[in-house]
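Reading through the structure tokens given below for one structure.
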Amino acid sequence: MDIETVLPSWDGELCSVLFDRETGAWFVIAVHSTRLGPASGGTRAMVYPSVGDAVADATRLAAAMTIKMAVAGLPMGGGKSVIVLPAPRAALGDDRWRRILRVHAENVQKLGGTYTTGPDIGTSSADMDVLRETTAFAFGRSVATGGPGSGAPATALGVFTAVRAAVAEAGLGDGNGGVAGLRLLVQGLGAVGARVVELAAEAGADLLVADVDPERCAAAEAQGARVVSPAEVTRTRCDVLVPCATGGLIDARGARTLPCAVVAGAANNQLADSDRSGQAARVLTQRGIVYAPDFVANAGGAIHIVGREVLGWTEDQVTRRTLQIGRTLHRVFADARAYGITTEQAARDLAARRLADAA
Ligand code: NAI
Ligand code: PHE
């Protein structure tokens, strides 16, 4: 993937790309839309195959934030930043990591509030504390420093609510969203996935889990889950696939053979082509697989961060709003049925209407 291919087909407002010679890190900030408010979205720090791949990821993720905020009814636009690490985080050392965070914070600060950030894959609330030393535009600081903490628990609650809504739509279980006895496969046992496993275990689900980190698998196994190889996730029979790792899990080809009845999870951009051809979503619909669009299901983190930091909500208000993800999904499912379109398209149409209303 190269920048010359990615940017001409992107409809965002701004994409900055910067290199820091001292650490060897690249920094990408993508502001997709400020129509509903200042752009907001997490900072992802990972090793990427190329800077072009990082720009492709940042721009797609920023676009997903725009529709996530719109569907969740939050007064924010969509943005995202990606830090291209010169080596895996564990190999960087603390001083180099701190400098990387400081350079990123300086870049965010230069945008003067057009973009506000928060935690995402590879960054935590503790990292937001460090960003906050340099910029006021970092949300999701740790509770110890007066922040609201990570949005991961709210995201997990929203994802579990989405699982229940999608299970009811598929007519599985008790028909009311109960997951007792249903086989759930959770891919990715990080901050969100591990909490989804707890919620599903409490609700009596039969749990399968997969992670590239054996320690995380062992922890889930101790709670009664059975471990599946990461390579087998899209080939393992289950009722509900819950993607909570990275995006791009399901392309049109994979959708043709996916052995499950429901897909509902946290990972951003689960469908490899959702913003282009929409083919994967169509295949899922044709096969009768209920797909809860990721940007609807995973909005709990955004609701937490924007609710607590921008709107002054209490944690209870955040929880109530997060639980409304279920109602939003029922509407998306009903629209998809009524108009004969995919659930992905129905959710995108809902976002488009909210964005048009704000114009
Ligand atoms: P995390 O970084 O804490 O956890 C990700 C987990 O996925 C890790 O345990 C990692 O080892 C595992 N993983 C990576 N590649 C894998 C693979 N190929 N197969 C199996 N496991 C793999 O991330 P977090 O915060 O739990 O987020 C999960 C997903 O949800 C991400 O895509 C994130 O963008 C998305 N998301 C997170 C939100 C939050 O509040 N944390 C909010 C909205 C979306
Ligand atoms: N990174 C998370 C997401 O994709 C949480 C987040 C939301 C971070 C909004 C910053 C701003 O939703």
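The values are calculated or read from the model by the stated rules, or taken from the named source; none is laboratory data. Fair warning: this is a prediction, and the values are worked out from it, not measured in the lab. All Cβ positions, glycine included, derive from the backbone under ideal geometry; neighbour counts span all protein chains shown. Just so you know, the surface numbers come from the protein's heavy atoms only, side chains and all, with ligands and any DNA or RNA stripped out. Shrake-Rupley method; radii C 1.70, N 1.55, O 1.52, S 1.80 Å.
Here are the numbers:
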{"read-out": "Potential lengthening between residue 53 and residue 98 on full extension [0.36 nm per residue; Cα-Cα distance subtracted]", "value": "13.8 nm"}
{"read-out": "FRET efficiency for residue 353 and residue 1, using Cβ-Cβ distance with R0 set to 25 Å, rounded to 0.05", "value": "0.20"}
{"read-out": "Selected from 254, 203, 236, residue furthest toward positive end of dipole (the stretch 199-261; charges at beta carbon)", "value": "254"}
{"read-out": "Share of pairwise Cα separations in the stretch 248-339, more than 22 Å, in percent", "value": "36 percent"}
{"read-out": "Which of 103, 90, 278, positive extreme of dipole for the chain (C-beta unit charges)", "value": "278"}
{"read-out": "Gaussian network model of the chain, springs between alpha carbon atoms under 10 Å - residue of 156, 180, 91 with greatest fluctuation", "value": "91"}
{"read-out": "Percent accessible area from carbon and sulfur atoms, the chain, protein chains only, probe 1.4 Å", "value": "50 percent"}
{"read-out": "Listed residues 302, 347, 231, most fluctuating in the chain (Gaussian network, C-alpha, under 10 Å)", "value": "231"}
{"read-out": "Size of the stretch 268-309 as Cα extents on the principal axes (Å, biggest first)", "value": "40, 21, 9"}
{"read-out": "Cα shape, the stretch 105-177, gyration tensor, a/c 1.5 rule", "value": "prolate"}
{"read-out": "Distant-in-sequence amide H partners of residue 25 (H built 1.01 Å from N, under 5 Å)", "value": "20"}
{"read-out": "Charge dipole (debye, nearest 20) of the chain; +1 at Cβ of Lys and Arg, -1 at Cβ of Asp and Glu", "value": "560 debye"}
{"read-out": "Candidates 47, 192, 296, ranked by Gaussian network fluctuation over the chain, Cα under 10 Å, top entry", "value": "47"}
{"read-out": "Mean separation of Cα contacts under 8 Å (6+ apart) over length of the chain, as relative contact order %", "value": "15 percent"}
{"read-out": "C-alpha center-to-center spacing [the stretch 185-222, the stretch 69-122] in angstrom", "value": "27 Å"}
{"read-out": "Accessible area in square angstrom per residue, the chain, 1.4 angstrom probe", "value": "41 Å²"}
{"read-out": "Mean residue ellipticity (222 nm) of the chain, computed from DSSP H runs ≥ 4 via -39,500 (n - 2.57), nearest 500", "value": "-13500 deg cm²/dmol"}
{"read-out": "Relative contact order, percent, the stretch 202-359 [alpha-carbon distance under 8 Å, six or more residues apart]", "value": "15 percent"}
{"read-out": "Distance from the stretch 124-154 to the stretch 224-292 (C-alpha centre basis), Å", "value": "31 Å"}
{"read-out": "For the stretch 148-221, size of Cβ-based charge dipole, Lys and Arg +1, Asp and Glu -1, in debye", "value": "180 debye"}
{"read-out": "Alpha carbon convex hull of the stretch 317-359, volume per residue in cubic angstrom", "value": "71 Å³"}
{"read-out": "Burial order of peptide ranges 55-61, 206-212 (average beta-carbon count within 10 Å, highest first)", "value": "55-61, 206-212"}
{"read-out": "Cα-based convex hull, the chain, per residue volume (Å³, whole number)", "value": "131 Å³"}
{"read-out": "Sparse-neighbour loop sites [chymotrypsin sites (Phe, Trp or Tyr not before Pro); the stretch 6-70; at most 12 other C-beta within 10 Å; DSSP]", "value": "none"}
{"read-out": "Over the stretch 1-157: Kirkwood hydrodynamic radius from C-alpha pairwise inverse distances, Å", "value": "15.5 Å"}
{"read-out": "Whole-number D in µm² s⁻¹ for the stretch 171-249, Kirkwood Cα-pair radius fed into Stokes-Einstein, 10 °C, 1.306 mPa s", "value": "128 µm²/s"}
{"read-out": "For the stretch 220-264: Kirkwood Rh in Å [reciprocal of mean 1/r, alpha carbons]", "value": "11.6 Å"}
